[in-house]
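Input: a single structure, listed below in structure tokens.
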Amino acid sequence: MIAALLALLAAPTVTPGQDAHYHLDNGLEVILRHDRRAPLVAVRLRIHAGSVDDPRGRSGLAHVVEHMAHEGSTHVPREQREMLEYLLSAHANNAETGFYATEYYYTAPAQATEHVLWIEADRLGFVRSQHGAATLDAVRRIVINERRERAEQDPFARLEIQALSALFPAGHPYHGAVIGSADDLAAATIADVDAFLGRWVQPGNATLVLVGDLPAETTTWIERQFGGLPGTPRPAARTVPIVRPTQERRVAAEQPIGAAPAVLMAWPSPALDGDGDAAADVLAEALERGGFVRLARAEAPQQVAEFSATQRSLPNQSIFFVRVIGRVGATPEGLVAEVDRVLARVAAGALDEAALRRARLRIARAHRSASQELQDRADLLASEAAAGKPLGGSTDRDEWSAVTPEAVARLVREVLRPEARVTVLAEGER
């Protein structure tokens with residue numbers, strides 16, 4: 001009885017319709033956002049550890065740990081969890097591992113909120129030492145099969161892995177693929193899994209986000225399920241060395257991707273929220289949605305049939321990708337030359353304010369659209385909290401709105417230089 005009263009006193013009072021952002025005594029960060037358009041709740045548990053935290057020689061370990069956690073925890077074996085998911089009508093149950101975070105998430109009816117919180121609390125606190133070598137072997141087979149499907153059989157994923165492996169040296173956290181190398185996956189042990197869980201998977205290194213038709217008892221349930229888990233201060237983040245190439249590196253693709261040639265370019269670019277990050281977002285959108293075609297057409301007959309650009313914004317240092325697929329009969333060298341002609345025009349100011357305004361509006365519209373779906377909104381809130389931003393998206397929108405033609409031109413001149421990139425060239429099948 002006393003423990004229950006103390007839990008009630010410790011939990012902040014959040015009435016229906018009131019949002020909250022607070023920490024439990026054990027360090028768990030909690031974000032609550034009420035949205036009563038549907039009787040659903042999105043629950044998202046973000047662990048602030050991903051592939052950048054893989055120990056040397058154990059690439060892919062964070063992803064393996066994600067799968068191990070999916071296999072069940074001390075009080076919620078996998079079979080029991082799956083039965084509960086069915087009985088509770090919980091859906092969108094999934095997990096994913098990135099460079100900097102591992103996330104577990106559900107969308108469920110509002111009346112299932114307490115049960116979902118129980119499942120996630122047990123996953124946060126009671127996976128370590130729960131599984132043995134047999135479970136690890138089964139998980140390893142699943143992950144290696146995922147690697148075959150996503151990294152080896154997907155031709156563009158292969159190009160990206162080659163680009164990252166060439167751009168960032170062995171041992172760098174961005175080298176290779178988040179899913180890890182086959183050799184490192186084969187070498188992982190239960191001791192590796194438990195060491196990763198012990199260091200990174202704990203309340204002080206996690207954020208819990210709930211968005212939706214939150215019951216009035218939500219904060220009490222969070223305290224009851226998560227408050228008793230032991231927490232330690234968030235571990236120091238792994239150092240991510242900054243890479244600054246001074247000479248272009250060209251790499252031949254391991255095999256053709258089809259009848260037409262293709263090229264993938266990758267540059268180290270401004271870090272998340274750093275000077276130039278928003279300009280890179282706007283540039284990618286402007287080029288991909290018509291800007292590249294318009295500028296290329298003005299120069300010479302086009303060899304490029306398909307163009308895409310992406311700023312993958314990451315803490316410490318981001319990556320800007322350009323991918324082009326040529327027309328049948330074109331050459332990879334011709335594709336590179338066409339991209340360079342267009343970037344030279346952008347560096348000289350060829351993307352005007354009207355083109356950038358359209359790009360800024362499309363990005364802002366996509367951002368607003370993402371915030372309408374409960375799970376996407378939970379993801380945005382977790383990302384903003386991790387970056388130390390005010391919650392709600394206003395900072396990003398302001399940064400995109402401030403991007404000027406000169407900022408984009410300067411980004412190309414100073415960052416997207418030919419000598420600062422890796423270029424992977426794929427010949428067409430003959």
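The values are calculated or read from the model by the stated rules, or taken from the named source; none is laboratory data. Please read all numbers here as calculations on a predicted model, not as lab measurements. Virtual Cβ from ideal backbone geometry, glycine too; neighbours counted across all protein chains shown. Heads up: the accessible areas ignore ligands, DNA and RNA and are worked out on the full protein's heavy atoms, side chains in. Shrake-Rupley method; radii C 1.70, N 1.55, O 1.52, S 1.80 Å.
Values for this structure:
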{"read-out": "Single residue of region 77-90 satisfying the filter (more than 19 Å from GLY132 (Cβ to Cβ) and not in a loop (DSSP other than H, G, I, E, B)) that is most open to solvent (accessible area, probe 1.4 Å)", "value": "TYR86"}
{"read-out": "Top-ranked residue in region 390-418 [being more than 13 Å from GLY276 (Cα to Cα) and not polar (S, T, N, Q); ranked as surrounded by the most Cβ atoms within 10 Å (Cβ to Cβ)]", "value": "GLY393"}
{"read-out": "Number of positions in region 237-263 that are open to solvent by less than 10 Å² (accessible area, probe 1.4 Å) and in contact with an Asp or Glu (Cβ under 8 Å, 6 or more places away or on another chain)", "value": "1"}
{"read-out": "Residue under evaluation LEU351, criteria (1) among the aliphatic types (A, V, I, L, M); (2) touching a strand residue (DSSP E or B) at 6+ places or on another chain (Cβ under 9 Å); (3) open to solvent by less than 30 Å² (accessible area, probe 1.4 Å), criterion not met", "value": "(2)"}
{"read-out": "Filter result (among the small types (Gly, Ala, Ser) and buried (at least 20 other Cβ atoms within 10 Å of the Cβ)) within region 302-333", "value": "ALA309, SER313, SER318, GLY326, ALA330"}
{"read-out": "GLN153 vs. criteria farther than 23 Å from ILE222 by Cβ, loosely packed, with under 15 Cβ neighbours inside 10 Å, over 21 Å from the mean Cα position of the chain (by Cα) and not small (Gly, Ala, Ser)", "value": "yes"}
{"read-out": "Listing of helices (runs of 4 or more DSSP H) fully contained in region 326-430 that carry 2 or more residues being among the basic types (Lys, Arg) and closer than 19 Å to THR310 by Cβ", "value": "353-370"}
{"read-out": "Check on ALA386, surrounded by 15 or more Cβ atoms within 10 Å (Cβ to Cβ), touching a residue at least 12 places away in the same chain (Cβ under 8 Å) and within 30 Å of VAL43 (Cα to Cα)", "value": "yes"}
{"read-out": "Members of region 248-272 that are assigned to a loop (DSSP other than H, G, I, E, B) and over 22 Å from THR331 (Cβ atoms)", "value": "PRO270, ALA271, LEU272"}
{"read-out": "Matching residues, region 273-289, being surrounded by fewer than 18 Cβ atoms within 10 Å (Cβ to Cβ) and not in a helix (DSSP H, G or I)", "value": "ASP273, GLY274, ASP275"}
{"read-out": "Conditions (1) modelled with pLDDT of 95 or more; (2) part of a strand (DSSP E or B); (3) open to solvent by 40 Å² or more (accessible area, probe 1.4 Å): number failed by HIS115", "value": "(2)"}
